[in-house]
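As structure tokens, the structure follows; a few thoughts come after it.
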Amino acid sequence: MAYAGGGAAAAAAAAIAQAVKASGAIVKVEPDGFLKILYKTREPLVVKASGGFFKKNFQYLTSYKGLIFFAVSGTPLDLPKDAEVVESKQIWIPG
């Protein structure tokens, strides 16, 4: 009898690879690096969500020069006043 889980795992890996191709390069940075990027940008668009199982965290996503930057912080970040913030239920990063 063949192991059925192998096909499901391969399908999941293919779906993740496709998501990465569709979204472009996602760069995970520390919160201070994320803020530096935001302050270099006029009117940045930021997607914000909160998550965490045992300890609440704050997740942020923005694009800059063709790349997508993602950061997770234990406390809310002080975003630039001119940032347009989109509240999201969840941010899912492939891989």
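The values are calculated or read from the model by the stated rules, or taken from the named source; none is laboratory data. This one's a predicted model, so the numbers in the text were calculated from it and none came from an experiment. Ideal geometry is used to build each Cβ from the backbone, glycine not excepted, and the neighbour counts take in all protein chains shown.
Condition first: surrounded by 14 or more Cβ atoms within 10 Å (Cβ to Cβ), aromatic (Phe, Trp, Tyr) and not in a loop (DSSP other than H, G, I, E, B). Can you find one or more residues in segment 59-66 that meet it? Step through it out loud before you land on a result.
If we filter segment 59-66 for residues that are surrounded by 14 or more Cβ atoms within 10 Å (Cβ to Cβ), which is where we start, we get 59-64.
Those still in the list that are aromatic (Phe, Trp, Tyr) too: 60, 64.
Keeping just the survivors that are not in a loop (DSSP other than H, G, I, E, B) gives 60, 64.
Yes, because at least one residue in segment 59-66 is surrounded by 14 or more Cβ atoms within 10 Å (Cβ to Cβ), aromatic (Phe, Trp, Tyr) and not in a loop (DSSP other than H, G, I, E, B).
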Exercise for review: State whether the residues of segment 29-41 include one that is out of contact with any Phe, Trp or Tyr (no Cβ under 9 Å at 6 or more places or on another chain), modelled with pLDDT under 95, not basic (Lys, Arg) and not in a helix (DSSP H, G or I).
Suggested key: no
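Residues being part of a strand (DSSP E or B) and in contact with a helix residue (DSSP H, G or I) (Cβ under 9 Å, 6 or more places away or on another chain): count how many of those fall in segment 67-95.
Of all residues in segment 67-95, those part of a strand (DSSP E or B) come to 67-73, 84-87.
Pick out the ones that are also in contact with a helix residue (DSSP H, G or I) (Cβ under 9 Å, 6 or more places away or on another chain) and you get 68-73.
The number of residues fulfilling the criteria is 6.
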Exercise for review: State all residues of segment 49-77 that are farther than 15 Å from residue 38 by Cα and over 13 Å from the mean Cα position of the chain (by Cα); if no residue qualifies, say none.
Suggested key: 52, 53, 54, 55, 56, 74, 75
Review point. Among the residues of segment 37-48, how many are surrounded by 14 or more Cβ atoms within 10 Å (Cβ to Cβ) and more than 14 Å from the chain's Cα centre (by Cα)?
Key: 4
